[in-house]
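The values are calculated or read from the model by the stated rules, or taken from the named source; none is laboratory data. Please read these numbers as outputs of a predicted model, since none were measured by experiment. Ideal geometry is used to build each Cβ from the backbone, glycine not excepted, and the neighbour counts take in all protein chains shown. These accessible areas exclude ligands, DNA and RNA; they are computed on the full protein's heavy atoms, side chains included. Shrake-Rupley method; radii C 1.70, N 1.55, O 1.52, S 1.80 Å.
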Amino acid sequence: RIQKLQFYNLNSPIAELESQPFRFIWNKPPPGVYQLRAKVTDAAGVTAMSRPASLTITGRGDGSLKAPWGDFYIANNDSKTPGTASQKGDAFKIDNAIGTLVSESEHDAGHFIVQPLNGDGQIIARVTSVLPGPDDGIAGAMAGVTIRENLKNRCKQFAMLYGQAGEEPSVQFARRQDHWMNPLISEKAMKAPAWIKLARYGQRIYAYTSADGKDWDLFASERFEAASQVFAGLVAFSPSSNRPATAQFDHVKLIH
């Protein structure tokens, strides 16, 4: 006879039930990707643990994104207001996004469309437009593809970004290989639409650009030491809260 049932997200307890029915209603869990498990204990004190079940909770959960994509906002001290995200087939739009992935003084912030990536894989997209551009010394909006260790605002992360932070449109390879590091940026000029790709193989990340989505040029490669499960997808942000980003993507593919 079962005397107790406990729910966990990996090793973090969520609920403990000591009577039937062993049913728990989880009110308003925060957005994220969870690995849920149940631990049962019988009258003799013998325990058993279930296999994990994956659960993705999106930022809005209104059906504007199709599973397994999730809509998430990562905030920092200066940027705390989420944007919106929508999907039509392999085309995506992120709107009203503020934040930064390239600041040396602030942690990450931005609006993301992501899903878990287990092991090796690639995230590919064509950035068709990013607005607004730079104005009076304020850098313009940026958008692109990303692979992140987790969904916290300071983690190991890599992003291939397109936009106009300076005098001309360009792609930027922004990365933080360790938690304590400030972002590093490599840049080259490029006009829209911009085909970009990030690939994870073993303990390395490879960044690519392309003129047509068929022939890819290796732009950079960096070490990436992380667990098997990471997160891959799209991101957009603008450093000015008065001028939020609007970004559009198509030909989006996550290849496992």
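Numbers for the structure displayed
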quantity: Answer residue from the stretch 227-256, given it is modelled with pLDDT under 95 and closer than 29 Å to Q35 by Cα and is most open to solvent (accessible area, probe 1.4 Å) among those; calculated: H256
quantity: Test set (1) within 24 Å of I57 (Cβ to Cβ); (2) at pLDDT 95 or above - N118 fails condition number; calculated: (2)
quantity: Members of the stretch 187-206 found to be outside any loop (DSSP other than H, G, I, E, B), open to solvent by 40 Å² or more (accessible area, probe 1.4 Å) and farther than 23 Å from S228 by Cα, listed by number; calculated: E187, K188, A189
quantity: Set A48, A44, A75: member being hydrophobic (A, V, I, L, M, F, W, C), without any contact (Cβ under 8 Å) to a residue 12 or more places away in the chain and open to solvent by less than 70 Å² (accessible area, probe 1.4 Å); calculated: A48
quantity: Any hit, the stretch 97-104, residues being open to solvent by 40 Å² or more (accessible area, probe 1.4 Å), closer than 23 Å to V33 by Cα, outside any strand (DSSP E or B) and in contact (Cβ under 8 Å) with a residue 40 or more places away in the chain; calculated: no
quantity: Among residues of the stretch 207-226, those that are open to solvent by 40 Å² or more (accessible area, probe 1.4 Å) and more than 18 Å from the chain's Cα centre (by Cα), counted; calculated: 10
quantity: Residues located in the stretch 64-81, provided they are among the charged types (D, E, K, R) and either at pLDDT 90 or above or in a strand (DSSP E or B) (or both); calculated: D71, D78, K80
quantity: Residue in the stretch 11-21 that is among the polar types (S, T, N, Q), open to solvent by 50 Å² or more (accessible area, probe 1.4 Å) and in contact with a Gly (Cβ under 8 Å, 6 or more places away or on another chain) present; calculated: no
quantity: Considering residues of the stretch 160-186 that are open to solvent by less than 70 Å² (accessible area, probe 1.4 Å) and charged (D, E, K, R) only, the residue nearest to V130 (Cα to Cα); calculated: R175
quantity: Strands (runs of 3 or more DSSP E) within the stretch 19-63 that include 2 or more residues modelled with pLDDT under 95; calculated: 32-42, 53-57
